[in-house]
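Here the structure comes first, spelled out in structure tokens, and everything after it is commentary.
The values are calculated or read from the model by the stated rules, or taken from the named source; none is laboratory data. On a predicted model such as this, the values are computed, not experimentally measured, just so you know. Neighbour counts are summed over all protein chains in view; Cβ atoms, including those assigned to glycine, are modelled from backbone coordinates with ideal geometry. Heads up: the accessible areas ignore ligands, DNA and RNA and are worked out on the full protein's heavy atoms, side chains in. Shrake-Rupley method; radii C 1.70, N 1.55, O 1.52, S 1.80 Å.
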Amino acid sequence: MTYRLCMIALSASAAVFLAGTASAEQITFVSQGGAYQEAQTKAILDPVAELLGITVNQDSSPDAWPVIKTQAASGKIIWDVIDTPAKDCIRGGEQGMIAKLDFSKIPNAEKMPAAYKSPYSVAYEFYSSVLAYNKDKFGDNPPKTWADFWDVKKFPGTRALRNHPLATLEAALLADGVPADKLYPLDVDRAFKKLEELKPHVSVWWTSGAQSAQLLADGEVDMEMAWNGRVAAVVKEGAPIGYSFNQGFLQYTSLCILNGAPNMQTAVKFVNAALTPDIQANFPAYIDYGPGNPEAYKTGKISPERAAEMPSSPENAAIQVLVADEWWSSPAGEDAQKRWASFVQQ
């Protein structure tokens, strides 16, 4: 074969290869980055890519909401599937930025509790806001409830709370005697009044999970509300910290799809595959957050010991409050968030 014919043959082969590559299914998946996204890459994204034979491109955004709005306003939709708090999916859907899910094409969500789904989203992974405390400080009589957290006479010591109203307002209402099943809609005035009582005793209003963990690790606070994964990491490092899921606030990030996503059909297939019980059961092997699909606990891949450490296990979920994302995405919830800023600054 002459050099020229050889080059033509090579060019033709390359064209076929590139055409095949261009036609391969793909999506762009967005999450919060850091250790969490690294863990879900191993637990969920890589197995789903292999299962479906697709390419999963990744992006990260700790707060996806402003980017969602920007992409929607410009009409230049780049992202497909987003892992973000359910309230963003819901309000995004109501404002036309997030696509309504066709659950007939997501059979893996069929057995999931109705509270874990909305027309625009489905639970993906769970975490909890829990009451953590210094065991050296409280010995055999640690605080067990939010009423204990508010009781500065019976449980003296420094306290820390997240600088955000979500879960914090709920904790205040539980401390004030509101039954867990009567929390919503939140009595915002009552919650802020109860918070005013405790405010002089809160030494830190933390703004990041890393900060909350450091406060516990350094012994800077005696008790605080913190995310279970951050607390568990401090415990594993040997700090004398205790916690339980009792009266924890069960929260979850959801999967949702941008309206006008460039790879809509593949995105729907991805969401369904990511909820496969056997794949969801990978989460606890890589991070202290629980599967969004409770069916994962029936696969046999999660040991009873590990399930006891998971916020979304049936036993732990039963003793917690499931945060109502629908309320937080409502006008009342958004007003509470605006009111929070002035409360903290006063």
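Would you say Ala147 is in contact with a helix residue (DSSP H, G or I) (Cβ under 6 Å, 6 or more places away or on another chain), assigned to a helix (DSSP H, G or I), touching a residue at least 24 places away in the same chain (Cβ under 8 Å) and surrounded by 15 or more Cβ atoms within 10 Å (Cβ to Cβ)? Steps first, please.
Values: in contact with a helix residue (DSSP H, G or I) (Cβ under 6 Å, 6 or more places away or on another chain): yes; assigned to a helix (DSSP H, G or I): yes; touching a residue at least 24 places away in the same chain (Cβ under 8 Å): yes; surrounded by 15 or more Cβ atoms within 10 Å (Cβ to Cβ): yes.
Yes, satisfied.
With respect to the stated conditions, Ala332 fails to be over 26 Å from Tyr243 (Cβ atoms), hydrophobic (A, V, I, L, M, F, W, C), part of a helix (DSSP H, G or I) and without any contact (Cβ under 8 Å) to a residue 24 or more places away in the chain. For the range 277-285, indicate whether the set of residues that are open to solvent by 30 Å² or more (accessible area, probe 1.4 Å), of a type in the set (Phe, Trp, Tyr) and in a helix (DSSP H, G or I) is non-empty. No: zero hits. Report, by residue number, each residue of the range 66-113 that is crowded, with 21+ Cβ neighbours inside 10 Å, of a type in the set (D, E, K, R) and under 23 Å from Val56 (Cβ atoms). Passing the criteria: Asp80, Asp83, Asp88. Could you say whether any residue in the range 195-204 is surrounded by 13 or more Cβ atoms within 10 Å (Cβ to Cβ), hydroxyl-bearing (Ser, Thr, Tyr) and part of a loop (DSSP other than H, G, I, E, B)? The answer is no; no qualifying residue exists.
Has the range 272-279 got at least one residue that is without any contact (Cβ under 8 Å) to a residue 60 or more places away in the chain and within 30 Å of Ser104 (Cβ to Cβ)? Break it down stepwise before answering.
Quick first cut of the range 272-279, residues without any contact (Cβ under 8 Å) to a residue 60 or more places away in the chain only: 278.
Adding the requirement that they be within 30 Å of Ser104 (Cβ to Cβ) leaves 278.
Within the range 272-279, one or more residues are without any contact (Cβ under 8 Å) to a residue 60 or more places away in the chain and within 30 Å of Ser104 (Cβ to Cβ).
Here's the yes/no breakdown for (1) open to solvent by less than 10 Å² (accessible area, probe 1.4 Å); (2) closer than 21 Å to Val221 by Cβ; (3) at pLDDT below 95; (4) of a type in the set (Asp, Glu):
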residue	(1), (2), (3), (4)
Glu237	no, yes, yes, yes
Ile241	yes, yes, no, no
Ser244	no, yes, yes, no
Gly248	yes, yes, no, no
Asn259	no, no, no, no
Ala267	yes, no, no, no
Asn272	no, no, no, no
Leu275	yes, no, no, no
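Sort through Ser203, Ser208, Ser254 and tell me the only one that's of a type in the set (S, T, N, Q) and modelled with pLDDT under 95.
On the way: Ser203 fails: modelled with pLDDT under 95; Ser254 fails: modelled with pLDDT under 95.
Being of a type in the set (S, T, N, Q) and modelled with pLDDT under 95 holds for just one of Ser203, Ser208, Ser254, which is Ser208.
Suppose the filter is at pLDDT 85 or above and either out of contact with any His (no Cβ under 8 Å at 6 or more places or on another chain) or outside any helix (DSSP H, G or I) (or both); does Ala15 pass it? Spelling it out, it is not the case that Ala15 is at pLDDT 85 or above and either out of contact with any His (no Cβ under 8 Å at 6 or more places or on another chain) or outside any helix (DSSP H, G or I) (or both).
Could you tell me whether any residue of the range 77-91 is at pLDDT below 90 and closer than 30 Å to Tyr286 by Cα?
So the first thing to find is which residues in the range 77-91 are at pLDDT below 90, and the list is none.
The answer is no; no qualifying residue exists.
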